[in-house]
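Below is one structure, written out as structure tokens; the observations come after it.
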Amino acid sequence: MDDNRKKKPALLPLLCLAVLTLLSDQAAAFNPRMLFLVKPDPIVLNDHGGELLTGNLTVNLLFYGRFTPAQRAIVADFVRSLSAPPPPLRTNTGPSVASWWRTTSLYRGGGARLRLGAQFLDARMSLGRGPLSPANVTALAHAAGHHRGAVTAVLTAADVLVTPFCTSRCGVHGHARGGAHGKARYTYLWAGNPAQQCPGQCAWPFHQPLYGPQTPPLVPPNGDVGVDGMVISLAALLAGTATNPYGDGYYQGEAGAGLEAATACAGVFGSGAYPGFSGNLLTDPVTGGSYNAVGLGGRKYLLPALWDPTTSQCKTLV
Ligand SMILES: *[C@@H]1O[C@H](CO)[C@@H](O)[C@H](O)[C@H]1NC(C)=O
Ligand SMILES: *[C@@H]1O[C@H](CO)[C@@H](O)[C@H](O)[C@H]1NC(C)=O
């Protein structure tokens, strides 16, 4: 497999960076409750007029804690697929991951083209197993890369504690300031592997929900409840980052706690969704996995519906 992941043991200057990044920031959470509560009313996200992410955007991945190569490949292939050109041979297995991401190009400014940047492995957990605070997560993102035109995704392994994980959030995206004079704004996000700590909250619909209407769990498309669940959070957070990077883009409700591109469509993955039912999806005939988008190499993903600003509806691919 083509593999450009780099080992970077040098996450050492974290302590001073933690101080530096206390200048941060506002963050918008991907709330577990929102996963299964389909909103009955039409939602309108207001455009607050602030800067959105457009042009070429690099997504750096920081794997914190133990991830298997197979788990990292699920995530990296997803990011690589977001702005990938259509495959030379049209396959019939379903809509592309790139067509899912294209909904973000309907927002003001025309959206961003994403490419996979550096992949950092912090398997030894430079800040310990946790609990990590939001400031610690910001510091990790800062150390891994903080420049305009990049978003760094901090992904924590199943046994890493991050507060507050599970009870109020499956992940979060935010922005902070860095650079020589602390003036440059950069974006980052965090998503955790919920397999051990809260699959019922953050890996729905691949796990029985902790509350709400009970439906049988779906088979995850890559056979990994935690990582396939984490990809849902990552997808939602990337869409929120692109369309509301600095807290003054598209959202409804309270700044920092409002509904964004994906959270406005919580619980919706396919057509005909209702509370507890994620919608009509495609099924892999071999694995039985449920999916709605296909990435590079034919890899399958289940991705959340995104709010379409041209129709004010949640757009599903299937
Ligand atoms: C974005 O990247 C593409 C492909 O690498 C390149 O052709 C294009 O010029 C870049 N656009 C900007 C605005 O830098
Ligand atoms: C994590 O963040 C807290 C503040 O939220 C700070 O007190 C602590 O020193 C940080 N831990 C590390 C290892 O940097």
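Observations on the structure shown:
- In plain terms, the chain from Gln208 to His181 could stretch by 4.9 nm, reckoned as 0.36 nm per residue minus the Cα-Cα distance.
- GNM top mover of Leu237, Leu302, Leu161 - the chain, alpha-carbon springs below 10 Å: Leu161
- Rounded to 5, percent antiparallel among DSSP beta bridges of the chain: 50
- For the stretch 182-235, convex hull volume per residue from C-alpha positions, Å³: 107
- Most mobile listed residue (Ser133, Ser83, Ser99) in the chain, GNM with C-alpha springs under 10 Å: Ser133
- GNM result for the chain, Cα springs below 10 Å: residue of His181, His142, His207 fluctuating most strongly: His181
- Hypothetical label at Arg115: residues of the stretch 231-248 whose amide nitrogen lies under 13 Å (7 Å Cα-Cβ projection): none
- Membrane-span-like helices of the chain, defined as complete DSSP H segments with a Cα extent of 18 Å or more along the helix axis and a mean Kyte hydropathy of at least 0.0, are identified as 225-243.
- Taking label points 7 Å from Cα along the Cα-to-Cβ direction, Val44 and Asp159 give a separation of 5.1 nm.
- Linear extension gain, Ser271 paired with Thr215, 0.36 nm per residue minus alpha-carbon span: 18.5 nm
- Working from label points 7 Å from Cα in the Cα-to-Cβ sense, the Arg124 to Asp284 distance is 3.5 nm.
- Here the calculated FRET efficiency for Gln196 and Asp248, from their Cβ-Cβ distance with R0 = 41 Å, stands at 0.70, rounded to the nearest 0.05.
- Within the chain, helix-based [θ] at 222 nm, where runs of 4 or more DSSP H residues each add -39,500 (n - 2.57), nearest 500: -5500 deg cm²/dmol
- Two-site FRET efficiency, Thr93 against Ser133, from Cβ-Cβ distance with R₀ of 51 Å, rounded to 0.05: 0.75
- Radius, Kirkwood style, for the chain when every pair of distinct Cα atoms is counted (Å): 19.2
- Between the stretch 133-195 and the stretch 48-88, the alpha-carbon centres lie 15 Å apart.
- At an R0 of 35 angstrom, the distance between the Cβ atoms of Ala70 and Thr311 translates into a FRET efficiency of 0.40.
- Note on Arg177, Arg124: ascending count of other Cβ atoms within 10 Å places them as Arg124, Arg177, the fewest first.
Every number in this text was worked out from the coordinates using simple rules, so none of it is lab data. Keep in mind that this is a model prediction, so the values were computed, not measured. Note: ideal-geometry Cβ built from the backbone for every residue, glycine included; neighbour counts use all protein chains shown.
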